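Enquirer: Quick one: structure below, then a few questions.
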């Protein structure tokens, strides 16, 4: 049985990591945790890395040590290294050390993308990369839900939700501005998430002050999944007004909870709409404006309460089988 060492292999805060690992275990691999200090001496057939941002930043003593361990494993054990490219650039526009990034990419055997859009973005940013490239879909969250999804609320004002880590690229301040002046098409908005950027959260709190139509559930720790599920069940739809985006686990989570989404026509969202349908994924051009929000509110007002999106393209079994074949081809 081939061994995959994964970093991370499990996560209390991100269900995707566990779903990803379990799906590969179901394909006949043995999965184990990977750490840079001890794992290199145990060997593995593959090392799969999620979010290795340290290899894209200016080198430090720690990142140089990790690169040395990577080279050691490739030389001694012929280990294949694979990067799951959740995002091509830092979410908040942080600096990339191009030399460090190219050094890391040159050592990789494979790169896995979670959408065609992210692959295209990568190929534009890093033409001529020698690693083999492979694209799968970001699997759904249906099997990780802690509670049964509730029907979409019926009657009363439309309830919109935005959730996740609160950072400037999430563009929640623009959503608050667009909520004003919807008139008869007015809606309430709940913003639920992690206080990731204190200055940005302060801005959100100021914009929301004195607004009875806005509810804030902002915490210093990640929301437990059952609380997030409750927020989704209480909503009619989810608005994700990113100013920059590649992939979106939040979008897949919302759809897995049977809630329609409004998002920009950027990154993964055109693919998601093509797969799931325009009833469930509404796109807008450019920056979110009041008309975009008004049209979404009108649209979801007539949603069938018990309807569910077709997430068959996001089944883990099919996507993990494709990934397993890719790994064995390296």
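Enquirer: Pairs, please: C-beta under 7 Å, at least 6 apart or cross-chain, first residue assigned by TED's automatic domain parsing to the domain that holds residue 257 and touching a residue at least 24 places away in the same chain (Cβ under 8 Å) and in segment 144-158, second assigned to a loop (DSSP other than H, G, I, E, B) and surrounded by fewer than 11 Cβ atoms within 10 Å (Cβ to Cβ)?
Expert: 151/306
Enquirer: Just to be sure I understand, how many residues within segment 140-161 are assigned to a strand (DSSP E or B) and over 19 Å from the mean Cα position of the chain (by Cα)?
Expert: Residues that pass the stated criteria total 3.
Enquirer: Just the residues that are within 19 Å of the chain's Cα centre (by Cα) and within 15 Å of residue 48 (Cα to Cα), please, taken from segment 106-134.
Expert: 111, 112, 113, 114, 134
Enquirer: Could you run through segment 153-163 and say how many residues are under 24 Å from residue 276 (Cβ atoms) and surrounded by fewer than 21 Cβ atoms within 10 Å (Cβ to Cβ)?
Expert: 3
Enquirer: Do you know which residues across segment 228-241 are outside any loop (DSSP other than H, G, I, E, B) and touching a strand residue (DSSP E or B) at 6+ places or on another chain (Cβ under 8 Å)?
Expert: Those that are outside any loop (DSSP other than H, G, I, E, B) and touching a strand residue (DSSP E or B) at 6+ places or on another chain (Cβ under 8 Å): 228, 231, 232, 237, 238, 239.
Enquirer: Right, next: Look at residue 192 and say whether it is touching a helix residue (DSSP H, G or I) at 6+ places or on another chain (Cβ under 6 Å) and either part of a loop (DSSP other than H, G, I, E, B) or surrounded by fewer than 16 Cβ atoms within 10 Å (Cβ to Cβ) (or both).
Expert: No: the conditions fail for residue 192.
Enquirer: Name the residue, out of 20, 72, 55, 34, that is surrounded by 13 or more Cβ atoms within 10 Å (Cβ to Cβ) and closer than 26 Å to residue 253 by Cα.
Expert: Selected residue: 20, the only one of 20, 72, 55, 34 that is surrounded by 13 or more Cβ atoms within 10 Å (Cβ to Cβ) and closer than 26 Å to residue 253 by Cα.
Enquirer: Now a separate question. In segment 206-227, which residues are in a helix (DSSP H, G or I), more than 24 Å from the chain's Cα centre (by Cα) and surrounded by 14 or more Cβ atoms within 10 Å (Cβ to Cβ)?
Expert: Within segment 206-227, 207, 208 qualify.
Enquirer: Identify the residue in segment 164-189 that is out of contact with any strand residue (DSSP E or B) (no Cβ under 8 Å at 6 or more places or on another chain) and more than 21 Å from residue 299 (Cα to Cα) and, among all such residues, is surrounded by the most Cβ atoms within 10 Å (Cβ to Cβ).
Expert: Selected residue: 171.
Enquirer: Checking the structure you have, find out if any residue of segment 87-102 is within 23 Å of residue 327 (Cα to Cα), surrounded by fewer than 20 Cβ atoms within 10 Å (Cβ to Cβ), over 19 Å from the mean Cα position of the chain (by Cα) and modelled with pLDDT of 95 or more.
Expert: yes
Enquirer: For the condition over 24 Å from the mean Cα position of the chain (by Cα) and more than 17 Å from residue 215 (Cβ to Cβ), what is the one hit in 186, 181?
Expert: Checking each option against the conditions leaves just 181.
Enquirer: Would you confirm whether or not segment 308-326 contains a residue that is over 15 Å from the mean Cα position of the chain (by Cα) and modelled with pLDDT under 95?
Expert: Within segment 308-326, one or more residues are over 15 Å from the mean Cα position of the chain (by Cα) and modelled with pLDDT under 95.
The values are calculated or read from the model by the stated rules, or taken from the named source; none is laboratory data. Bear in mind that the values here come from a model prediction, so they are computed numbers and not experimental data. We place every Cβ from the backbone using ideal geometry, glycine too, and count neighbours over all the protein chains shown.
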